[in-house]
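Data block below; observations after.
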Amino acid sequence: MHISRIFIERPVMTALVTLAILMFGIVAFRSLPVAALPTVDYPTIQVNAALPGASPETMASSVATPLERQFSTIAGVQSMSSQNTQGSTTVSVQFTLARNIDAAAQDIQAAIAKAEGLLPSNMPRPPSYQKTNPADQPVLYLSLTSDTLPLYTVDEYAETLLAQRISMASGVSSVEVYGAQKYAVRVQVNPDELAARGVGFDEVMQAVQRSNVNLPTGRLYGEKQAFTVQSSGELTRAAAYRRIIVSYKNGVPIRLEQLANVIDGVENDKTVAWFNGVRGMILGIKRQPGTNTVEVVDNIKALLPQFRAEIPPSVKLDIAFDASESIRGSIHDVEFTLVLTVCLVVMVIFVFLRNLSATLIPGAAVPLSIVGTFAAMYLLGYSLNNLSLMALTLSVGFVVDDAIVMLENIVRYMEMGKGRMEAALLASKEIGFTIISMTISLVAVFIPVLFMGGIVGRLLHEFSVTITIAILISGFVSLSFTPMLGSRFLRYSHTGRHGRLYGAFESGFRGLASAYEYTLKGVLRYRFATLMAGFALLIGTVYLFLTMPTGFIPSQDSGSFFAFAMAGQDISFDSMAKHLKAVSDIARQDPNVADTGTFVMGGNQGGFFANMKPRSQRKLSVDQIIAELRPKVGAVPGIMVFMHHRERAVFHQCLPDDDAERQSEGNLCLGGPARAKDADAARIPRRQFRPADRQPAGDRGYRPRPRRGAGSVAATDRRRALHGLRRSPGFDHLHAGQSVCRDPAGCAAVPAHAGRTVQNLSALVRRRAHAVKHSGEAFTRGRTTERQPFRTTAGGHHFL
């Protein structure tokens, strides 16, 4: 079977096919989305429930518990966590990657319906759910500040003008306003005045409601015309509310201004945001899944001149954070590496072949294979990211091999005196099966990566498919385009005469061969020493493999970092805002930091981000800057700060003396541990270590109460397993789901055996999950039925 004959004999058809691959690839390259990493969306659904006025403990027991019990029966639930704050509960249910998100949403809706009978009857509305992406973060932050206008006026521009217009831009999913200050009239009733005048609080409420209505009045019908009667009773300013008559006493009207202080305020005064120390609003813009981050940011930036022209000059609109900058930089670097790799490969081919036509023929196979891969990536819904471009960079060495093998065989026949056409036909027929086998063998290397599971498998799936497609296209080009070019354009000198450049390279190759011969003779002379050196290299390689730091994604200087802050449950809003602003001011005073944005999300949580100056203007990397900021931020009392890079949203609690371990993992944190008084009630992120002296006194851990029958037997097995785990390395005891290190000095030794601790815990989880599957184990705690190996509560949080 001669596959290449049809392409050699029909050069026009071969050229058109090759040109079509090239054109489709160029068009696809312009349409491919750009991202830092491949899009991997865990099927996650977030359920929100509200009960105004309820404490976090009440929300956990009365709202979160019934919902979790129903959610735990849904198939494919991988993890579940609930966050309970004053008057609200948020339950995040994460499913396995194989679970369809739409089918999971239907199961969640059915579970909510089943749990409604167990929820409090005074809830204003039933729980709602939405599909979320835990890795979805805003791609652009805009700040809106003013030194003269009140905040509620600035908020009107932020939510009415900017947010609504930006949400209609191409590729924008949603716009969140941090530190929103929506206008509202606040009535601060004086209880002493109410008692002195004999007026009840309900009378004040009814008077305000009666005076602020906007009801339809009706229509007037005449003989020739009809009119709609419009009567607006809506009050929009505090001055209009002050004259409201609440009641009459002895025929004298009592107005609202006599009973209360009526002021122009905002709906929610428990949110705040700063940009570079100036209070204002921060708009977080999220993109739609699968869209081009760079294109979305460019579309929004195109609207900014129009926005600045429409808002007053006293309102300042700035770009607080731009995620596309780091993406542009990383993609540009990888693209430059790809082009440089192609040039180096072509140069090496020319150095060894020393023939321009022989260099261009296999060199043309490289860009064709890479550009053609772009078309397949577009059809598969892939993006241009660091991993896919790295796959193309690595494929350069693979795609050129087939073309060189084909060319070398054609040259061999031409050296035997054959013509170009005859040599191409004979060489392609002889080497065609070899090229097919080489291509299939290279593809087979990446097949196991396609079957990897979990988040790593999803990330590397696009990498393996991309490099596989590039190899397949290169095999096709080597069997079609390369022999066709060789049959028409390959030149070979039968006289053996070459130029000076050829002779210079030939002399260099002879010297290289002589040096290799000399070293080879020396190695063969001292065989035992050579063998020992080989063993030493092997042992050193194994040692480095075992001791080298490991991590999920390599740490890189993205030019920014994000931080998440938490404090005790009983902290006031003003105190939380004061502490977080102090943390932000510390970061802003660093000479390497350009801009900072801070926002308090309500309760005991807040966050801030910092943009670094350009790399050429600072001597330290982001990791080094964080290492310098950490002790300074740790001096702020009553607050815990967790830091994460944007590419790795992984939080780690700051523990004493663990800088080297944390940095080796590429997950850095800011600030030291919280003070004991404030940390007792602090919310601790899931799967975190915590010293024993910070264990809440009222949290006595999870004590399952076994049911009758098989449940009690399984509970006994579980207690035995926990007893064995307590005696395993890395654990002192299990208390409220937190592991406590044995070292009396604190948690300084936790990182040293954290891996073994997690392995022991993971092994127990797998064994207990197997037992649950086969024995139907169920544990109860109050009204909650648990089918998970562990369940703990800490600071108003439920962790599975």
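The values are calculated or read from the model by the stated rules, or taken from the named source; none is laboratory data. Just so we're clear, the structure is a prediction, and the values are computed from it rather than from any experiment. Ideal geometry is used to build each Cβ from the backbone, glycine not excepted, and the neighbour counts take in all protein chains shown. Areas reflect the complete protein model, heavy atoms only, side chains present, ligands, DNA and RNA absent. Shrake-Rupley method; radii C 1.70, N 1.55, O 1.52, S 1.80 Å.
Data table
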| read-out | value |
| --- | --- |
| Failed criterion for A64 (all others in (1) within 23 Å of the chain's Cα centre (by Cα); (2) farther than 30 Å from A158 by Cβ hold) | (1) |
| Every residue from the range 587-611 that is open to solvent by 20 Å² or more (accessible area, probe 1.4 Å), at pLDDT 85 or above and among the aliphatic types (A, V, I, L, M) | A594 |
| Any chance I436 is open to solvent by 30 Å² or more (accessible area, probe 1.4 Å) and in contact (Cβ under 8 Å) with a residue 24 or more places away in the chain | yes |
| Residue pairs meeting the criteria (Cβ under 7 Å; at least 6 apart or on separate chains; first more than 23 Å from N292 (Cβ to Cβ), in the range 9-31; second open to solvent by 40 Å² or more (accessible area, probe 1.4 Å) and not aromatic (F, W, Y)) | P11/R488 |
| Conditions (1) over 17 Å from Y42 (Cα atoms); (2) open to solvent by 30 Å² or more (accessible area, probe 1.4 Å); (3) small (G, A, S): number failed by S143 | (2) |
| Test result for L119, over 25 Å from G87 (Cα atoms) and not hydroxyl-bearing (S, T, Y) | no |
| Residue in the range 264-278 that is within 25 Å of V34 (Cβ to Cβ) and among the small types (G, A, S) present | no |
| Complete set of residues in the range 572-586 that are closer than 14 Å to A273 by Cβ and open to solvent by 40 Å² or more (accessible area, probe 1.4 Å) | K581 |
| So G397, is it at pLDDT below 85, closer than 22 Å to L460 by Cα and either open to solvent by 30 Å² or more (accessible area, probe 1.4 Å) or β-branched (V, I, T) (or both) | yes |
| Output for the range 614-646, where each listed residue is in a loop (DSSP other than H, G, I, E, B) and either modelled with pLDDT of 60 or more or surrounded by 22 or more Cβ atoms within 10 Å (Cβ to Cβ) (or both) | P614, R618, K619, L620, S621, A635, V636, P637, G638, I639 |
| Selected residue (only one of L524, L501, L520 is open to solvent by 50 Å² or more (accessible area, probe 1.4 Å) and in contact (Cβ under 8 Å) with a residue 60 or more places away in the chain) | L501 |
| Positions within the range 400-417 being of a type in the set (G, A, S) and either surrounded by 20 or more Cβ atoms within 10 Å (Cβ to Cβ) or free of Cβ contacts under 8 Å to residues at least 60 places away in the same chain (or both), in sequence order | A403 |
| Evaluation of T58 against (1) over 28 Å from Q605 (Cβ atoms); (2) free of Cβ contacts under 8 Å to residues at least 12 places away in the same chain (one fails), failing number | (1) |
| The range 307-316, subset aliphatic (A, V, I, L, M) and out of contact with any strand residue (DSSP E or B) (no Cβ under 6 Å at 6 or more places or on another chain), residue surrounded by the fewest Cβ atoms within 10 Å (Cβ to Cβ) | A309 |
| Enumeration of residues in the range 1-21 that are in a helix (DSSP H, G or I) and either touching a strand residue (DSSP E or B) at 6+ places or on another chain (Cβ under 9 Å) or surrounded by 16 or more Cβ atoms within 10 Å (Cβ to Cβ) (or both) | F7, I8, T14, V17, T18, I21 |
| Yes/no for V77 being under 15 Å from Q130 (Cα atoms) and in contact (Cβ under 8 Å) with a residue 12 or more places away in the chain | no |
| Breaking point among (1) closer than 30 Å to P150 by Cα; (2) touching a helix residue (DSSP H, G or I) at 6+ places or on another chain (Cβ under 8 Å); (3) among the charged types (D, E, K, R), for K249 | (1) |
| Count of residues meeting criterion [assigned to a loop (DSSP other than H, G, I, E, B) and in contact (Cβ under 8 Å) with a residue 12 or more places away in the chain] in the range 287-333 | 8 |
| Some residue of the range 260-269 being within 31 Å of the chain's Cα centre (by Cα), at pLDDT below 90, under 26 Å from Q137 (Cβ atoms) and open to solvent by less than 80 Å² (accessible area, probe 1.4 Å) | yes |
| Any pair with Cβ under 7 angstrom, 6 or more apart, that starts in the range 134-163 at a residue that is farther than 17 Å from K316 by Cβ and ends at one that is hydroxyl-bearing (S, T, Y) and assigned to a helix (DSSP H, G or I) | V139/T293; V139/S324 |
